[in-house]
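These notes concern the structure reproduced below.
Nothing in this text is a laboratory measurement; each read-out follows from the coordinates by a stated rule. Values in this document were obtained by computation on a predicted structure and should not be read as measured data. Cβ placement follows ideal geometry from the backbone for every residue including glycine, while neighbour counts extend to all protein chains displayed.
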Amino acid sequence: MTATIHLSPHRLDPAASELRDEVRSFLSAELAAGAFTPRCDAWMSAPDPAFSRLLGARGWIGMTLPTAYGGHGRSALDRFVVTEELLASGAPVAAHWIADRQMAPSLLRHGTEAQRRRYLPSIARGECYFAIGMSEPDAGSDLASVRTRAREVADGWEITGTKIWTTGAHYAHAMVVLARTDGTSTDRHAGLSQFLVDLPAPGVEIRPILTIDGEHHFNEVVFDSVVVPHGSLLGERGAGWRQVTAELAYERSGPERLMSTVPLLRAWAEQLGERPGETVAQRALGGLTARAWTLRQMSLSVAAALARGRSTEVAAALVKDLGSRFEGDVVETVRQVTGIEPRRGADGLEGLLAEAVLHTPAFTLRGGTNEILRSVVARGLGVR
């Protein structure tokens, strides 16, 4: 007998609608003032510390954190509304994104009181940025084959190993590192632990990895006998796999997993609105819009489940798989239907399309490949 994935419909309350209007007004004013140019995939590739601090000052970072840690005690659904609007506008939010999305809830759940007070208030202010040290060279999507080791020494923990595809490590203030503290790589999920490493640090070398468009978002990070204090251990020793799995639910289920190309979709919709009668294009746009709405409802239901403290790993994997494929389909549909030639650096639809085309290959890889995600869903459903 197989299990099922529960994704219950959820409606936002009137207060959420008022919040949405507030965020939209703010973003419209920022756009009119030329504060930013809409970008596709902005949550990963468009860092702007000044903009992050501005959002922090308005209370739109660390929204769900308790006020005791500099947060605002708001609901996960309030945060969902703000996130949607920022992504839809293509705002430059990459600097604080990882810290706010998954490190803040992870620190709240697993961190010591000292760790919470050290990092959470500055995360909420939009002043502390995190990178994630999970993936390793030659490991592909097999996260359990971690070879980075952390051994206990007199002064704390000594970390040695290499992490790859670490988004934003070159501007991050800290990194959470998954390392093996016990056993060997054959032990798979056992013996893994998480550590908080402040950056820059002696023995940490950050090497840029340039993407196909020549931009610098990713890095290879080498730890050469890096010693961190005993208090750098996040959560329990040996519980790293369980902690990372829970953390990935935040990474995989958010609206950014289906909205990276929404700025392109919106620009195309605006162009079509000025050209009535293009039936084929309007049908294609309608199909994409219907898919976007369905995926949005799925993502919203996961956010509601997270707010209730429910386990969402399987549902989050499903949302990420479907959402990342949708993001790529937006790009291909716009290319095929419009016949527009992508041009890097161009304004409007041509520039957004060029950016989206170059980022598309990463959509089904980051946060776990779609093949890995489908295996997570299959296991969750009891399928063999």
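Highest GNM mean-square fluctuation among E371, E274, E136, for the chain modelled with Cα contacts below 10 Å: E274.
Considering only V23, V337, V226, the mean-square fluctuation computed in a Gaussian network model of the chain, springs between alpha carbons under 10 angstrom, is largest for V337. Rounded to two decimals, the Cα-based Rg/Rh of the range 94-230, with Kirkwood Rh, is 0.95.
Along the range 333-344 the Karplus relation, 6.51 cos²θ - 1.76 cosθ + 1.60 evaluated at θ = phi - 60°, assigns HN-Hα couplings of 5, 4, 4, 6, 7, 8, x, 6, 8, x, 9, 5 Hz to successive residues, with x for each Gly and Pro. Sorted ascending by nearby beta carbons within 10 Å, beginning with the fewest, H170, H189 become H189, H170.
Report, in whole Å, the centroid distance computed from the Cα atoms of the range 14-56 and the range 78-105. Value for the Cα centre distance between the two parts: 9 Å. For the range 132-239, a crude dipole built from +1 on the beta carbon of Lys and Arg and -1 on the beta carbon of Asp and Glu, taken about the Cα centre, is about 200 debye to the nearest 20. With a cut-off of 16 Å on the backbone N, the residues of the range 335-351 near the modelled label site 7 Å out from T37 along Cα-Cβ are 342-351. Rounded to the nearest 10 degrees, the inclination of helix 113-124 to the longest alpha-carbon principal axis of the chain is 20 degrees. The alpha-carbon atoms of the range 207-323 define a convex hull whose volume equals 165 cubic angstrom per residue. Given R0 = 45 Å, the distance between the Cβ atoms of D155 and A29 translates into a calculated FRET efficiency of 0.35.
Structure remark: mean-square fluctuation, Gaussian network model of the chain, C-alpha springs under 10 Å; the largest value among P361, P202, P14 belongs to P14.
The angle between the Cα long axis of helix 262-273 and the longest principal axis of the Cα atoms of the chain comes to about 0 degrees, rounded to the nearest 10. For the pair Y171 and D187 in one chain, pulling the backbone fully straight at 0.36 nm per residue adds 2.4 nm over the alpha carbon distance.
Under 5 Å between amide hydrogens, built in the peptide plane, is the criterion, and for D213 it picks out nothing among residues at least 5 positions away or on other chains.
Sorting D187, D329, D347 by the number of Cβ atoms found within 10 Å of their own Cβ, with the fewest placed first, yields D347, D187, D329.
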